[in-house]
1. Go through the residues of the range B:124-140 one by one and say whether even a single one is within 14 Å of chain A (Cβ to nearest Cβ) and either in contact with a Gly (Cβ under 9 Å, 6 or more places away or on another chain) or touching a residue at least 40 places away in the same chain (Cβ under 8 Å) (or both).
2. Could you tell me whether B:GLY75 is part of a loop (DSSP other than H, G, I, E, B) and not hydrophobic (A, V, I, L, M, F, W, C)?
3. Could you look through the range A:178-196, keep only residues that are on the phi > 0 side of the Ramachandran plot and more than 14 Å from chain B (Cβ to nearest Cβ), and pick out the one that is nearest to the chain's Cα centre (by Cα)?
4. Has the range A:134-146 got at least one residue that is outside any helix (DSSP H, G or I) and either crowded, with 20+ Cβ neighbours inside 10 Å or at pLDDT 90 or above (or both)?
5. So which residues in the range A:182-197 are surrounded by 15 or more Cβ atoms within 10 Å (Cβ to Cβ) and either in contact (Cβ under 8 Å) with a residue 40 or more places away in the chain or more than 19 Å from A:LEU101 (Cα to Cα) (or both), if there are any at all?
6. Tell me yes or no: at least one residue of the range A:201-223 is in contact with a Pro (Cβ under 7 Å, 6 or more places away or on another chain), surrounded by fewer than 20 Cβ atoms within 10 Å (Cβ to Cβ) and farther than 24 Å from A:ILE251 by Cα.
7. Which condition number in (1) surrounded by 12 or more Cβ atoms within 10 Å (Cβ to Cβ); (2) away from chain A (no Cβ under 14 Å) is the one that B:ALA202 fails?
8. Considering only residues of the range B:163-188 that are of a type outside the set (Val, Ile, Thr) and within 7 Å of chain A (Cβ to nearest Cβ), which is surrounded by the fewest Cβ atoms within 10 Å (Cβ to Cβ)?
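The values are calculated or read from the model by the stated rules, or taken from the named source; none is laboratory data. If you're wondering where the values come from, they're calculated on a predicted model, not measured in any experiment. Don't worry about glycine lacking a Cβ; one is built from the backbone with ideal geometry, like all the others, and counts go over all protein chains shown.
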Amino acid sequence: MRAPSGPEVAVGDVLLSVENVSLSFGGVNAVSDVSFDIRKGEIRAIIGPNGAGKTSMLNIINGFYQPQQGRITFKGETRAKMRPHDAAYGGIARTFQNVALFRGMTALDNIMAGRSLKMHRNFFWQLLRVGPAMTEEVEHRRRVEEIIDFLKIQEIRRTPVGRLPYGLQKRVELGRALAMEPDLLLLDEPMAGMNLEEKEDMSRFVLDVNDHYGTTIALIEHDMGVVMDLSDRVVVLDHGLKIADGTPDDIKGNQGVIDAYLGVAH
Amino acid sequence: MHLLYMIFIDHFVQMGSAPDLLVQTLWEGLVAGVLYALIALGFVLIFKASGVFNFAQGIMVVFSALTLVGLYAHGVPAFLALAITIGVMFLLALAIERFVLRPLVNQPDIILFMATFGLTYILIGAGELIFGGDPKVMIADQLLLPSGSYTIKMFGGFVQMQKIDIAAAVIASLMVASLAVFFQKTRIGRALRAVADSHRAALSVGI
């Protein structure tokens, strides 16, 4: 297991905990009575076969879905109900399984949009481009350029993202999430549909984000090699139930997990 | 042969023989174009911010003009009438968002489009009901817009430019320019484009 490290983050404290959370759509139980926690500074993987409730879990954490039962505690604050705006404001950023970018906008503008919550000058001053509004814009732009350098997407910053290849779109989406300077970053299948080289790049970015910014990361991924390499702890869902939780080594040897993936002999 | 000549050649011969008329026509075309651009601006603003093609845009422009002229006819001073009209249109827009468009959020675009289509007929009816169907005269003078015209001697003839056309062209150009800056350079402009592009991505970054 890779030791989680970050400059000023106290590793080990619980950042987010999910307790007995259930969510159903009509008669379908997407998530049933699931509990787990995410500790500061770690990379936490959520895995499971298709339809296990992984994406629903992420949607609950960032406020897209409201669980019918259970509690979620983030940064020590327990909440019954949270809207996506509150989640974003509280420091939860995410990417999507099927890239959700602002397709008509450039890579740069997409990432700038990630800083919306951090910009405060009203639009009148921004329109005139003077004084504090200008200083603010320049400062945000500088931060965004850092992210662009970090993700090595300098040459595509002026390209409308709809025209970029899939792998780069995923990278821009990660950039937009990073621009929010999140405490918790949710990645929904960051490597889906990528070739080996792109997967390696993305894995390195995920590790670097975790190391460099000390960002806590929860990720959903199907590639077991990637999951076992990247994550500090893994939670396994199947049909909405939690069937295992532990280090990658624990999970590899867990009979329940093997059964869930390969089926049980009858 | 004669037909082809009439279609492809004759116009240019005429242009050459009456350059003053050519300039006059170009000018009037420009002014008309700029005014259309001003209305198109409304379409663009709404489309960029919501992805909705607002079919009722044209009638809303007419409705605001009717409100302005109607208020003035009832003895409200011109500039007060202008302010009230802006207020009325603001409230109207809020009401449309709240009662017509918001219940349809996340529906296919064509449904929103049809809703604005229906809105058009409601506004046409309402305008006629409230302000009557007879022609009105715009209160341009009272709003201190210039009247009269410049006549320029050119190519042995005269080109006439209405002052109000010049004012309209200048005002419209300024509005187009500031809207462009607003969308490209401000946080709210970026946020509006973002929401139009992807609703859930916008939610995820807190817009």
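1. No, every residue in the range B:124-140 fails to be within 14 Å of chain A (Cβ to nearest Cβ) and either in contact with a Gly (Cβ under 9 Å, 6 or more places away or on another chain) or touching a residue at least 40 places away in the same chain (Cβ under 8 Å) (or both).
2. The answer is yes for B:GLY75.
3. A:GLU189
4. no
5. If the condition is that a residue be surrounded by 15 or more Cβ atoms within 10 Å (Cβ to Cβ) and either in contact (Cβ under 8 Å) with a residue 40 or more places away in the chain or more than 19 Å from A:LEU101 (Cα to Cα) (or both), then A:PRO182, A:ASP183, A:LEU184, A:LEU185, A:LEU186, A:LEU187, A:ASP188, A:GLU189, A:PRO190, A:ALA192 are the ones that fit.
6. Taking every residue of the range A:201-223 in turn, at least one turns out to be in contact with a Pro (Cβ under 7 Å, 6 or more places away or on another chain), surrounded by fewer than 20 Cβ atoms within 10 Å (Cβ to Cβ) and farther than 24 Å from A:ILE251 by Cα.
7. Going through the list (1) surrounded by 12 or more Cβ atoms within 10 Å (Cβ to Cβ); (2) away from chain A (no Cβ under 14 Å), B:ALA202 breaks only (2).
8. Restricting to residues being of a type outside the set (Val, Ile, Thr) and within 7 Å of chain A (Cβ to nearest Cβ), the top hit is B:SER178.
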